[in-house]
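Peer 1: Right, I'll just put the structure down here and ask away after.
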Amino acid sequence: MLRDTLAKIIIGFTVLLLVSCEPSPNKKISGTMDNSGVQFPVTVYTFQTQREYDKAVKDIKTHNEPSLGYSRWWKSKESGEMSRCEIYVVVPNSIDDDHMDTWGHELAHCVYGRYHREPVGAKVK
């Protein structure tokens, strides 16, 4: 009896945990800009290793937190529209690794700007 109850509690907790980790399908990105449908150049700088990436972005990142990718963008001073975006990423080892996810994450920054909390100590420009 106790074993059955314990098993039900564990199963219930596991289901709750799995459901709570699932992203909400209705949650939209709410960023500092929206460049959907806007044409602008995107330059992607790729690095073979995390060490090469870290060295390359050390002086341009606005925070000191470890990262798998980084993006930065410029807006036209005259129009305020996006003028270009740069993405810095490590070459993925496969289509299902963290580096591949990072490519999409950084591209979303080019389109939506800042959309998550900045790391502590970030210099927001």
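Peer 1: Quick check on this structure: which one of Thr5, Thr62, Thr49 is surrounded by 10 or more Cβ atoms within 10 Å (Cβ to Cβ) and at pLDDT below 85?
Peer 2: Thr62
Peer 1: Next question. Need pairs with beta-carbon distance below 6 Å; first residue under 14 Å from Gly80 (Cα atoms) and within region 30-43, second part of a loop (DSSP other than H, G, I, E, B) and at pLDDT below 90; sequence gap 6+ or separate chains.
Peer 2: The qualifying pairs are Thr32/Arg114.
Peer 1: Could you list all residues from region 63-90 that are farther than 26 Å from Gln39 by Cβ and either out of contact with any Phe, Trp or Tyr (no Cβ under 9 Å at 6 or more places or on another chain) or not in a strand (DSSP E or B) (or both)?
Peer 2: His63, Asn64, Glu65, Pro66, Ser67, Leu68
Peer 1: May I ask you to verify whether Thr32 is within 17 Å of Leu107 (Cα to Cα), of a type in the set (Ser, Thr, Tyr) and at pLDDT 80 or above?
Peer 2: yes
Peer 1: Return the pairs, sorted by first residue and then second, in which the second residue is part of a loop (DSSP other than H, G, I, E, B) and not polar (S, T, N, Q), the first residue lies in region 47-70 and is farther than 16 Å from Glu106 by Cα, the beta carbons are less than 8 Å apart, and the residues are 6+ apart or on different chains.
Peer 2: Gln48/Val91; Asn64/Pro119; Asn64/Gly121
Peer 1: Taking only pairs six or more apart or across chains, which ones have beta-carbon atoms under 6 Å, a first residue in region 82-96 that is at pLDDT below 90, and a second residue that is surrounded by 20 or more Cβ atoms within 10 Å (Cβ to Cβ)?
Peer 2: none
Peer 1: Sort out which residues of region 84-101 are within 16 Å of Glu52 (Cα to Cα) and within 14 Å of the chain's Cα centre (by Cα), and write them in order of number.
Peer 2: If the condition is that a residue be within 16 Å of Glu52 (Cα to Cα) and within 14 Å of the chain's Cα centre (by Cα), then Ile87, Tyr88, Val89, Val90, His99 are the ones that fit.
Peer 1: I've got another one for you. Just need a number here: residues in region 65-83 that are under 14 Å from the mean Cα position of the chain (by Cα) and surrounded by 14 or more Cβ atoms within 10 Å (Cβ to Cβ).
Peer 2: Counting residues in region 65-83 that are under 14 Å from the mean Cα position of the chain (by Cα) and surrounded by 14 or more Cβ atoms within 10 Å (Cβ to Cβ) gives 6.
The values are calculated or read from the model by the stated rules, or taken from the named source; none is laboratory data. As the structure is a computational prediction, the values presented were derived from the model and not from experiment. Quick reminder, even Gly has a Cβ in these numbers, built from the backbone with ideal geometry, and neighbours come from all protein chains shown.
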